[in-house]
Amino acid sequence: MTTYDKIIKLADTCIQRDGFHGFSFSDLAEGVGIRKASIHHHFPSKTDLGLAYCDYKYALFKQLDERLQAIPAGAQRLKGYLDAFSNCAQQGEMCGIYTMLSDSHTFPAELQQAVNKLAQSELDILEALLLSGAECGELSLNRLSAREQAVIVSASLKGALMLNRLPPHDAYNKTSAALLKTLSANNI
């Protein structure tokens, strides 16, 4: 793994744990085991790091979408999407996208746009997933559009990740189960 990749991976962990403003280049340098100047070599500013982070997460979402497309449409695919965030829940981390969104009002316009694009790409994936599940008859949109339901699912999951940080640390699992039940056309 290259130094650049190590920095991005550690930034991902830091963002999901502490938010974008919750860590410094010094923290990254110490975590990777390099000098702070080496961080600046790859990312002259924290905005540059944020833009690279958005590109990194966008690529991960494309990979997730490809994996989801290999799962049969409906409840199984929805469960695959829900399971994709379970590691964050187990680690006590939040969604990196939503953490970035919570700080985005303080970002330069270019980074705000990148975060918005990232959030919209996740909603696009979820909307398509819900629509295909409704079309095959396994999922119910409950008289909402697929986009409206995608917003509800996404907000529920991301809120559950935050609540999961509190004992008994089961908010994510309970929310996932409730979403599967609520969206099931057969009321699992």
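The values are calculated or read from the model by the stated rules, or taken from the named source; none is laboratory data. Because the structure is predicted, anything quoted here is derived from the model rather than measured. All Cβ positions, glycine included, derive from the backbone under ideal geometry; neighbour counts span all protein chains shown.
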**OP:** Look through L129, L118 and report the one residue that is part of a helix (DSSP H, G or I), buried (at least 16 other Cβ atoms within 10 Å of the Cβ) and either at positive phi or over 12 Å from the mean Cα position of the chain (by Cα) (or both).
**Re:** L129
**OP:** For region 172-188, name all the residues that are without any contact (Cβ under 8 Å) to a residue 60 or more places away in the chain and over 19 Å from A73 (Cβ atoms).
**Re:** K174, T175, A177, A178
Original post:
For region 1-36, what are the residues that are more than 15 Å from the chain's Cα centre (by Cα) and of a type in the set (F, W, Y)?
Top reply: Y4, F23, F25
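Just checking: which of the helices (runs of 4 or more DSSP H) contained wholly in region 1-69 hold 1 or more residues that are within 19 Å of M94 (Cα to Cα) and among the aromatic types (F, W, Y)?
Values: elements: 3-18, 25-32, 36-42, 46-69.
Ranges flagged: 46-69.
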Original post:
Does A37 fit the bill of being farther than 23 Å from V115 by Cα, in contact with a Cys (Cβ under 8 Å, 6 or more places away or on another chain) and not hydroxyl-bearing (S, T, Y)?
Top reply: no
**OP:** Confirm whether G137 is more than 16 Å from L60 (Cβ to Cβ) and part of a loop (DSSP other than H, G, I, E, B).
**Re:** yes
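Run down E110, E122, E138 and say which single residue is over 27 Å from T13 (Cα atoms) and either of a type in the set (V, I, T) or touching a residue at least 24 places away in the same chain (Cβ under 8 Å) (or both).
Working: E110 fails: over 27 Å from T13 (Cα atoms); E122 fails: over 27 Å from T13 (Cα atoms).
From the options E110, E122, E138, the qualifying one is E138.
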**OP:** Filter region 55-92 down to residues that are on the phi > 0 side of the Ramachandran plot and either surrounded by 17 or more Cβ atoms within 10 Å (Cβ to Cβ) or at pLDDT 95 or above (or both), then give me how many there are.
**Re:** 1
**OP:** Run S24 past the list (1) buried (at least 20 other Cβ atoms within 10 Å of the Cβ); (2) more than 25 Å from G133 (Cα to Cα); (3) not aliphatic (A, V, I, L, M) and report the number of the one that doesn't hold.
**Re:** (1)
**OP:** May I ask you to list the residues in region 142-168 that are closer than 18 Å to N186 by Cα and free of Cβ contacts under 8 Å to residues at least 12 places away in the same chain?
**Re:** R143, L144
